[in-house]
Amino acid sequence: MAAADDLNTILGRLRASVPELSAALVATTDGLPIAHSMNAGDANRLAAMAATALGLGRRICETYGGGEFRETSVSGDQGQMYIYSAGSKAVLGVVARSGANVGLIHLEARDAASQVSQILERR
Amino acid sequence: MAASFTGVSEAVFAHLPPAARFSSEDGAFLTGHASALALLEDHLTAGFYDILFAHSETARILSGGERSEREMALRRWWRRTLEGPFDAHYWEWQAAVGLIHVRVGVTNPMMIGMWGWILNALQGALVGKLNLPPQDADRMMEAFHRLAATVQAVIAESYLQNYLAVLANSTGMSPELIHRLVAVELAGLDPSAQG
Ligand code: HEM
């Protein structure tokens with residue numbers, strides 16, 4: 001329970017630092033949502049998609065010799081989703097409207113992903 | 001990376017109701033009549049491959065090498081089946097066939113369709129060629145029907161599990177994630193399917 005509270009705090013801080021985010025979630029690598037903060041949408045589906053992107057991203061990295069997977073993104077004309085590895089067991093996904101400050105998103109989300117990783121590896 | 005043959009065959013046995021599954025009594029009955037049943041090898045093999053070579057979808061799969069070489073797959077299977085024993089090794093071999101079939105392009109409809117043909121051919125031959133008393137022929141067909149159900153279940157389940165294992169490995173998705181994607185997607189199609 002304490003871990004879930006910690007994860008919710010991290011997601012809350014992340015969304016407060018980057019107001020253009022419309023969703024942020026942490027999921028297991030098997031696609032189960034562990035914590036989420038979303039304006040709208042289906043957390044189950046978004047978590048499964050984030051885990052899918054993570055799995056594929058890791059496999060692509062392995063295939064081209066890119067080392068350990070860190071992050072990937074998917075852009076549409078109305079918005080983007082950024083997906084970050086959060087340790088061996090989890091993934092962090094954030095959704096932003098188009099025009100959001102990508103530099104700020106990466107800065108804050110990478111930091112959040114590493115905190116998520118520390119919390120989950122401790123368990 | 002293949003699915004575990006032991007895992008697949010054990011899971012299929014757990015799913016098959018005992019009354020529907022090939023039993024040790026069935027096995028003893030078949031192996032007890034092995035020398036008579038062995039006489040049907042040429043008849044079954046000729047009919048089986050005549051059908052497969054006459055159909056373009058299956059003929060394409062068998063196009064490499066001589067027909068006599070292709071026939072060896074069924075001959076070996078028939079001989080080993082009559083010989084017994086129906087142990088873990090036998091069922092793991094059937095699970096391996098599921099993977100071989102994925103690799104060579106044999107679909108489950110092809111496999112299941114030919115099982116139907118084998119059962120009909122056996123029914124005709126037990127009385128027509130082997131002159132078995134009707135009571136023995138009935139008992140024998142009962143055993144063959146349960147063998148058919150069990151082997152088909154193992155081959156078809158192994159086909160699916162190996163397909164998923166390869167997909168999981170090549171895309172980096174765990175089998176659990178694939179199951180989740182299926183559940184989430186189906187729940188989106190039909191609210192009553194959520195679970
Ligand atoms: C009653 C249904 C079937 C059974 C019980 C069966 C059984 C088997 C077995 C036991 C093997 C492996 C042989 C070995 O270990 O050496 C095998 C391989 C193979 N099977 Fe099937 N099979 C069935 C249906 C089919 C059908 C419908 C096709 C259609 C073309 C097919 C084509 C093949 C091919 C191409 C191989 C690879 C081995 C080779 O040809 O040399 N099978 N099958």
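Quick look at the numbers
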{"item": "Neighbours by Cβ (under 9 Å, 6+ apart or cross-chain): first from the range B:163-178, assigned to a loop (DSSP other than H, G, I, E, B); second aromatic (Phe, Trp, Tyr)", "result": "B:GLY172/A:PHE69"}
{"item": "Residue check for A:ALA50: over 13 Å from the mean Cα position of the chain (by Cα) and either at pLDDT 95 or above or buried (at least 17 other Cβ atoms within 10 Å of the Cβ) (or both)", "result": "no"}
{"item": "Any hit, the range B:47-63, residues being within 12 Å of the ligand (Cβ to nearest atom) and in contact with a Gly (Cβ under 6 Å, 6 or more places away or on another chain)", "result": "yes"}
{"item": "Test: residue in the range A:71-88 that is within 14 Å of chain B (Cβ to nearest Cβ), under 17 Å from B:LEU177 (Cα atoms) and surrounded by fewer than 17 Cβ atoms within 10 Å (Cβ to Cβ)", "result": "yes"}
{"item": "Test: residue in the range B:52-66 that is crowded, with 17+ Cβ neighbours inside 10 Å, closer than 28 Å to B:THR6 by Cβ and among the β-branched types (Val, Ile, Thr)", "result": "no"}
{"item": "Number of the exception - B:GLU185 against (1) away from the ligand (no atom under 11 Å from the Cβ); (2) over 24 Å from B:GLY47 (Cα atoms); (3) surrounded by 15 or more Cβ atoms within 10 Å (Cβ to Cβ)", "result": "(3)"}
{"item": "Whichever residue in the range B:65-97 is more than 30 Å from B:SER23 (Cβ to Cβ) and near the ligand (Cβ under 8 Å from one of its atoms) and, among such residues, is modelled with the lowest pLDDT", "result": "B:GLY65"}
{"item": "Among the candidates B:ILE100, B:ILE155, B:ILE178, B:ILE112, residue that is out of contact with any Phe, Trp or Tyr (no Cβ under 8 Å at 6 or more places or on another chain), more than 16 Å from the ligand (Cβ to nearest atom) and not charged (D, E, K, R)", "result": "B:ILE178"}
{"item": "Pair list, Cβ < 6 Å and 6+ apart or interchain, from the range B:102-125 residues that are modelled with pLDDT of 95 or more to residues that are in a loop (DSSP other than H, G, I, E, B)", "result": "B:ALA125/B:LEU40"}
{"item": "Every residue from the range A:43-59 that is more than 16 Å from B:ALA168 (Cα to Cα) and more than 8 Å from chain B (Cβ to nearest Cβ)", "result": "A:ALA43, A:LEU46, A:ALA47"}
{"item": "Of all residues making up the range A:32-52, the number that are out of contact with any strand residue (DSSP E or B) (no Cβ under 9 Å at 6 or more places or on another chain) and either closer than 16 Å to A:VAL116 by Cα or hydroxyl-bearing (Ser, Thr, Tyr) (or both)", "result": "2"}
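The values are calculated or read from the model by the stated rules, or taken from the named source; none is laboratory data. A quick note: this is a predicted structure, and the numbers were derived from the prediction, not measured. So basically every Cβ, Gly included, is an ideal-geometry build from the backbone, and we count neighbours across all protein chains shown.
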